[in-house]
């Protein structure tokens, strides 16, 4: 799962959880499959990480990121990570949203045309981009046999 980009859990587990460790200080990471949240931050808040790559609707118009919450009532916050695609995995946006805003929803979509509605929750993306670039370089070196 941590090496296979085709695995459904790769983005949410391998990439997103590595990002957590770089973006937040003093986190307690929950074991894989923990119900309702992925880590506890230094302020004792339960945070569930959701990741998505931009996709197109069936009509090949209207790009969007789709995030699944399944009416999660446990998380205090949701950290949403929006990536460009599964091949490059470049972070495009990051939002930290209180649970009360999303935990009654099954899913939500964010598109370039509606992104402004989420401005108050937008987080700086620079650190996530640096972290993903570093992970990409390490993976390329491993594939080429360079240590």
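Throughout, read-outs are computed from the coordinates displayed, never taken from laboratory work. As the structure is a prediction and not an experimental result, all values here were calculated from the model. Virtual Cβ from ideal backbone geometry, glycine too; neighbours counted across all protein chains shown.
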*How many nm is it between the label spots at residue 62 and residue 125, if each spot is 7 Å from the Cα in line with the beta carbon?*
2.2 nm
*Residue order, fewest to most beta carbons within 10 Å, for 24, 67*: 24, 67
*asked:* For the pair residue 21/residue 44, report the inter-label distance in nm, with labels modelled 7 Å from Cα in the Cβ direction.
replied: 2.6 nm
_Extension gain, residue 71 back to residue 116 (0.36 nm per residue minus Cα-Cα distance, nm)_ = 13.8 nm
*Net lengthening on full extension, residue 90/residue 107 (0.36 nm per residue, minus Cα-Cα)*: 3.9 nm
